[in-house]
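Every read-out reported here was derived from the displayed coordinates using simple, explicitly stated rules and does not represent laboratory data. A quick note: this is a predicted structure, and the numbers were derived from the prediction, not measured. Methodologically, a virtual Cβ is constructed for each residue, glycine included, from the backbone with ideal geometry; neighbour enumeration extends over all protein chains shown.
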Amino acid sequence: MLHILCLVIKWIGILLAVLVALAVSALVLLLFCPVRYRAGIQKTVKEWEAQGRVSWLFGLLRVSVRGGSRGTAVEIRICGLKLSSLKKLFSRKKKKQKSLPVAADRADTAISEMQESVPADAGQAGTESGQAAKEQDGSGTDAPVAEKGQTLGERVGNGADVPLIEKAQTEEPVRQRQNPLKKLWDKIIEKCRGIKRAILRSIAAIRNIQDKVAAWRAFFADAHTKAALGTAWQQILGLLRHAGPQRWGGSVDLGLGDPAATGQVLAVLGATYPIYGGQIQVNPVWDKKVLEGNAHVKGRIYGIKVLCVAGRIYFNRDVKYVIKRFRQNGGKHGTGK
């Protein structure tokens with residue numbers, strides 16, 4: 001018995017160790033396996049085309065997007081297989097599994113219909129015979145209705161409700177004889193009250209907006225808020241530098257049809273040469289109007305970098321102070337120390 005218990009504990013430990021190893025390996029892949037991206041654009045005289053691709057885990061998971069004058073297309077691949085083909089494969093398997101239960105259900109319904117057909121006919125015959133018996137007996141439901149009609153007629157004929165009718169007829173002229181000036185005065189008073197209420201509501205709304213603006217000004221003027229925003233901005237800029245393209249380049253054939261205008265554009269591009277650093281080659285065309293070329297960029301993003309930036313922002317003292325103020329005040333104005 002103890003031997004079996006030790007074996008069970010051993011296998012449970014092995015299973016837990018395997019699960020922990022899988023979780024650790026997945027975490028390591030997420031943090032240290034980069035997400036790579038690539039984008040490019042190409043333009044000719046008649047058409048243009050742009051394409052982009054994002055891949056992870058050495059291309060086992062890849063998303064490609066292509067668009068241009070011919071249309072757009074999105075393609076997702078998992079381990080080299082298209083997502084659409086995987087969906088079709090699983091849908092075929094589900095249809096095969098559902099085909100057998102459907103056939104069995106059809107057979108059961110046919111048998112149940114055959115069994116229910118005989119008692120249904122018998123029930124119809126019974127109902128017909130019951131209706132015939134009722135017709136022979138001459139029993140019906142019209143007598144109470146007739147009696148009710150007679151009682152209503154007797155009540156109307158007796159004239160028991162005549163005083164009420166006369167009273168209503170005498171009240172109608174009195175209502176019609178009301179003074180029209182009083183009606184007009186009441187309407188004017190009601191309109192004035194409505195205008196007063198609208199003015200008070202607008203004044204309250206303006207004061208509320210003024211209070212909010214003053215609260216936000218005080219919030220952004222606080223030293224802790226300024227320090228928190230500066231830290232967050234620095235970290236985000238560092239992340240953008242890390243995620244920026246490592247390789248990029250291209251070539252452009254540029255011509256405006258006028259040599260003077262083409263020369264002016266080339267002068268501007270020459271002034272901005274330190275920005276693109278000669279990665280993009282510009283080929284001037286002097287005798288015709290043309291704009292053709294291509295460009296491409298490549299880069300990668302590491303998960304550990306994103307995690308480090310998020311941790312530095314969250315564990316910063318000034319950022320914690322700002323978050324605490326928001327939690328204390330419900331995130332309304334960010335005020336209150």
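Some observations on this one:
- Using R0 = 51 Å, the C-beta based FRET efficiency linking Phe32 and Asp258 works out to 0.40.
- Our estimate of slack between Tyr276 and Arg201, defined as 0.36 nm per intervening residue step minus the Cα-Cα distance, is 21.3 nm.
- Averaging Cα coordinates gives a centre for region 1-60 and one for region 243-308; these two points are 36 Å apart.
- Contour minus Cα-Cα distance for Leu269 and Glu190 (0.36 nm per residue): 21.4 nm
- Label separation (Leu60 vs Ala221): 5.7 nm, computed from points 7 Å beyond Cα along the C-beta direction.
- Residues whose amide H comes within less than 5 Å of that of Cys33, counting only those at least five positions distant or on another chain, are Gly303 (H built at 1.01 Å from N in the peptide plane).
- Among the listed pairs Lys10/Lys82; Lys82/Lys298; Lys46/Lys87, those beyond 30 Å (Cα-Cα): Lys10/Lys82; Lys46/Lys87
- Sequence of Thr262, Thr272 once ranked by neighbouring C-beta atoms within 10 Å, starting from the fewest: Thr272, Thr262
- Computed from the Cβ-Cβ distance with R0 of 25 Å, the FRET efficiency linking Cys79 to Ala21 stands at 0.75.
- Checking every one of the trypsin sites (Lys or Arg not before Pro) in region 244-303 against DSSP loop status and a limit of 12 other Cβ atoms within 10 Å picks out Lys288.
- Treating r as the C-beta distance of Val213 and Arg241 and R0 as 30 Å, the FRET efficiency rounds to 0.25.
- Each of Ile12 and Phe315 was given a label point 7 Å from its Cα along the Cα-to-Cβ line. The distance between the two points is 3.5 nm.
- Tensor-based shape of region 223-328 (alpha-carbon gyration tensor, a/c under 1.5 rounded, otherwise prolate or oblate): prolate
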